[in-house]
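Enquirer: Could you have a look at this structure, given as structure tokens, before my questions?
The values are calculated or read from the model by the stated rules, or taken from the named source; none is laboratory data. Owing to the predicted nature of the structure, the values given are computational and were not obtained by experimental measurement. Quick reminder, even Gly has a Cβ in these numbers, built from the backbone with ideal geometry, and neighbours come from all protein chains shown. Remember, those area values only see protein heavy atoms, side chains included, never the ligands or the DNA or RNA. Shrake-Rupley method; radii C 1.70, N 1.55, O 1.52, S 1.80 Å.
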Amino acid sequence: CSPVTPEEIKSGQAKIWVQEMEKTLADFREIAGYGRGLAANQIGIPKQIIVTYSAKDNSFKSYINPQVIDEADEKAV
């Protein structure tokens with residue numbers, strides 16, 4: 001997927017994508033009863049965006065152009 005550009009942020013397009021992703025994740029959670037995160041490419045948006053849901057505070061968080069900079073030795077399955 002390609003990075004979100006500064007122009008896409010300034011124009012509001014990135015916000016539209018994030019809102020669409022939050023709605024999709026919320027709808028999925030309502031139907032399935034679970035779901036923690038969604039990548040933009042899972043719903044046909046070929047951009048580097050991730051949206052996560054936190055049940056702790058019932059909120060969504062979005063990450064634009066995320067990068068993995070460290071990795072734990074422990075793994076969860």
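Enquirer: Go ahead and set up a Gaussian network model of the chain, Cα springs under 10 Å, then flag whichever of Ile16, Ile50, Ile64 fluctuates most.
Expert: Per the Cα network of the chain with a 10 Å cutoff, Ile16 tops the list.
Enquirer: Can you give me the distance in nm between label points at Asn65 and Ile43, each placed 7 Å from the Cα along the Cα-to-Cβ direction?
Expert: Those two pseudo-labels are separated by 2.2 nm.
Enquirer: For every helix of n ≥ 4 consecutive DSSP H residues, a contribution of -39,500 (n - 2.57) applies; sum these over the chain, divide by its total residues, and give [θ] at 222 nm rounded to the nearest 500 deg cm²/dmol.
Expert: Mean residue ellipticity, 222 nm, calculated: -10000 deg cm²/dmol.
Enquirer: Note the per residue figure in Å³ for the convex hull of the C-alpha positions in the range 1-64.
Expert: Enclosed volume per residue, from the Cα hull, is 73 Å³.
Enquirer: Pick out which of Gln19, Gln67, Gln48 has the largest mean-square fluctuation in a Gaussian network model of the chain, springs linking Cα atoms closer than 10 Å.
Expert: Comparing Gln19, Gln67, Gln48 in the GNM, the peak value goes to Gln67.
Enquirer: Right, another one. Relative contact order of the range 1-69, please, whole-number percent, based on alpha carbon pairs below 8 angstrom and at least 6 residues apart.
Expert: For the range 1-69, the relative contact order is 30 percent.
Enquirer: Which longest uninterrupted range of the chain lacks any GluC sites (Glu not before Pro) assigned by DSSP to a loop state (not H, G, I, E or B) and surrounded by at most 11 other Cβ atoms within 10 Å?
Expert: Result, exposed sites excluded: 1-70.
Enquirer: Which is farthest toward the positive dipole end of the chain among Met21, Gln48, Pro66, measuring Cα position about the Cα centre, with Cβ charges +1 (Lys, Arg) and -1 (Asp, Glu)?
Expert: Ranked along the dipole, the leading option is Met21.
Enquirer: I would also like to ask the following. Set the Förster distance to 25 Å, then compute FRET efficiency between Ala76 and Phe28 from the Cβ-Cβ distance, nearest 0.05.
Expert: That gives a FRET efficiency of 0.75.
Enquirer: Using a 1.4 Å probe, what is the accessible area per residue for the range 4-77, in Å²? Write out the running numbers ahead of the final one.
Expert: Working: 5740 Å² over 74 residues.
I get 78 Å² per residue for this part.
Enquirer: Within the range 20-76, report the trypsin sites (Lys or Arg not before Pro) that DSSP leaves as loop and that have at most 12 other Cβ atoms within 10 Å.
Expert: For trypsin sites (Lys or Arg not before Pro) across the range 20-76 that sit outside H, G, I, E and B with at most 12 neighbouring Cβ atoms in 10 Å, the list reads Arg36, Lys56, Lys75.
Enquirer: So what does Leu25 come to for accessible area, using a 1.4 Å probe and Å² rounded to 10?
Expert: Near enough 10 Å² of accessible area.
Enquirer: When the accessible area of the chain is computed with all protein chains present and a 1.4 Å probe, what percentage of it is carbon and sulfur?
Expert: 53 percent
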